[in-house]
Amino acid sequence: MEWNERIVRLRKDRGYSRAELARRSGVSYDNLNKYERGEVEKPRGNILELIAAALDTTEQELLYGTDFSPAQKAKAGLAIRGEVAAGIWLEADLFEAEAVETSTLVGHDIRHPSSAQYLLRIKGESLNKIAQDGDLILCVNYLDAHIEPKIGDLAVVERSRDGGHTIERTAKRIAQHNGVVELRPESTDPRFQTAIVYSDVDSESAEVTIKAKILGIFNQLD
């Protein structure tokens, strides 16, 4: 089964019309029609990621299916570098870069260098539209992978305070409103509905960095 066929199957499984999926994903009806018919080899940019989020799945599953082949999944184990709070800033251990925990449940994404990829564990319910407490997220460092953050990316954001002695991180959707870049939670919880206006330096004079793109979300029971 090809990626376009998986979109059709999942859309029908969810009970969505093509128009409803277009509305939920923000992808135009005409383009979605072309994708489902297989008239495009692969959508550009983050289109598949938007469609996957609307279908409550991952871009990897659309591309490869639930059971990735060994070559696709490159299942050699990835380092788990701590936790990320999806709606609030969560202090990170400065020694997490030298992760002592690994997981073979998730392999690296073959589209990006394996050395630029790692896992984080979701803490809390503030990303509950697409991830639950305890889920693993596959991340790729923008700088190390030589890619740029884009509007629509689900991303790990870090801020450094106290001269770099305190590192905090959160996970947000990169969005744009009236020309201003915002970091928005993906949550149904009323406590986590306020978007953060992105700036290189926040109101607490902390350095803020959009650190990594989230490539996939995985339940450890999968």
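The values are calculated or read from the model by the stated rules, or taken from the named source; none is laboratory data. Predicted model only: the values in this text are computed from it and were never measured. Cβ atoms come from the backbone with ideal geometry, glycine included; neighbour counts cover every protein chain shown.
Please count how many residues of segment 171-208 are under 19 Å from the mean Cα position of the chain (by Cα) and modelled with pLDDT of 85 or more.
8
Conditions (1) more than 14 Å from the chain's Cα centre (by Cα); (2) buried (at least 19 other Cβ atoms within 10 Å of the Cβ), marked per residue:
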residue: Gly107; (1), (2): yes, yes
residue: Ala116; (1), (2): yes, yes
residue: Leu119; (1), (2): no, yes
residue: Leu138; (1), (2): no, yes
residue: Tyr142; (1), (2): no, yes
residue: Ile147; (1), (2): yes, no
residue: Ile151; (1), (2): no, no
residue: Leu154; (1), (2): no, yes
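Yes/no per residue for (1) in a strand (DSSP E or B); (2) closer than 17 Å to Gln60 by Cβ; (3) hydrophobic (A, V, I, L, M, F, W, C):
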residue	(1), (2), (3)
Leu119	yes, yes, yes
Ala131	no, yes, yes
Asp144	no, no, no
Glu148	no, no, no
Ile151	no, no, yes
Ala155	yes, yes, yes
Ser160	yes, no, no
Thr170	yes, no, no
Glu186	no, no, no
